[in-house]
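A.B. asks: To start, I am sharing the structure in question, which I have written as structure tokens.
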Amino acid sequence: QVQLVESGGGLVQPGGSLRLSCAASGSILSIHTMAWYRQGPGIQRDLVARFTSGGSTNIADSVKGRFTISRDNAKNTVYLQMSSLKPEDTAVYYCYADVVASGLYGQRGYWGQGTQVTVSS
């Protein structure tokens, strides 16, 4: 009923930039928190950045000052602008959203399929 589709990943050189997008679609009544997580090889999935429905944001210390999260509520889309990328930023980036969907009771969490970001020269 609800799908999250990420785009914008790819290969970039150290110091470069990428912008990830995640669009939510389906029988959506409301979206609360939208967030980006990442998971490197053999590493647990960690929060990168979060944007609540109230407008507050949280950014992981490891990317603070380099990554920015933004949101377009009219498009049900969240963005992650990544700058000054480092090899250690290499991971699969996942979009997450807390959604109230039509026909379902309460708020549920949904994940996108992930998009690969590789930082390498």
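The values are calculated or read from the model by the stated rules, or taken from the named source; none is laboratory data. None of the values given here were measured: they were computed from a predicted structure. Ideal geometry is used to build each Cβ from the backbone, glycine not excepted, and the neighbour counts take in all protein chains shown. We work out accessible area using only protein heavy atoms, side chains counted, and drop any ligands, DNA or RNA first. Shrake-Rupley method; radii C 1.70, N 1.55, O 1.52, S 1.80 Å.
A.B. asks: Solvent-accessible area of residue 46, probe 1.4 Å, all protein chains present, reported in Å² to the nearest ten, please.
C.D. replies: 60 Å²
A.B. asks: Quote the charge dipole size of the chain about the Cα centre in Debye, to the nearest 20; the model charges only the Cβ of Lys and Arg (+1) and of Asp and Glu (-1). Intermediate values should be presented prior to the final figure.
C.D. replies: Details: 10 positive and 7 negative charges, 21 e Å.
Roughly 100 debye for the chain.
A.B. asks: Could I ask something else about it? Determine how large the accessible area of residue 37 is when every protein chain is in place; take a 1.4 Å probe and give Å² rounded to the nearest 10.
C.D. replies: Counting only protein heavy atoms, the figure is 50 Å².
A.B. asks: Considering Cα pairs under 8 angstrom that are at least six residues apart, work out the relative contact order of the stretch 42-121 and quote it in whole percent.
C.D. replies: For the stretch 42-121, the relative contact order is 20 percent.
A.B. asks: If you don't mind, another one. Output the relative contact order of the stretch 1-67, whole-number percent, from Cα pairs under 8 angstrom with separation of 6+ residues. Write down the numbers at each step before the final one.
C.D. replies: Details: 77 pairs, mean separation 14.5, N = 67.
Result for the stretch 1-67 is 22 percent.
A.B. asks: For the stretch 55-121, what ratio Rg/Rh do Cα atoms give with a Kirkwood hydrodynamic radius?
C.D. replies: In the stretch 55-121, Rg relative to Rh is 1.03.
A.B. asks: Could you list the trypsin sites (Lys or Arg not before Pro) in the stretch 53-121 that lie in coil according to DSSP, counting only those with at most 16 other Cβ atoms within 10 Å of their Cβ?
C.D. replies: In loop regions of the stretch 53-121 (DSSP not H, G, I, E or B), the sparsely surrounded trypsin sites (Lys or Arg not before Pro) are 64, 66.
A.B. asks: Quote the Stokes-Einstein diffusion coefficient, in whole µm² s⁻¹, for the stretch 29-75, based on the Kirkwood radius over alpha carbon pairs, a temperature of 10 °C and a viscosity of 1.306 mPa s.
C.D. replies: 135 µm²/s
A.B. asks: Same structure again: If a/c stays under 1.5 just call it rounded; otherwise compare a/b with b/c (prolate if a/b is bigger, oblate if not). Do that for the stretch 1-58, with a ≥ b ≥ c from the square roots of the Cα gyration tensor eigenvalues.
C.D. replies: Prolate is the answer for the stretch 1-58, as a/c is 1.5 or above and a/b outweighs b/c.
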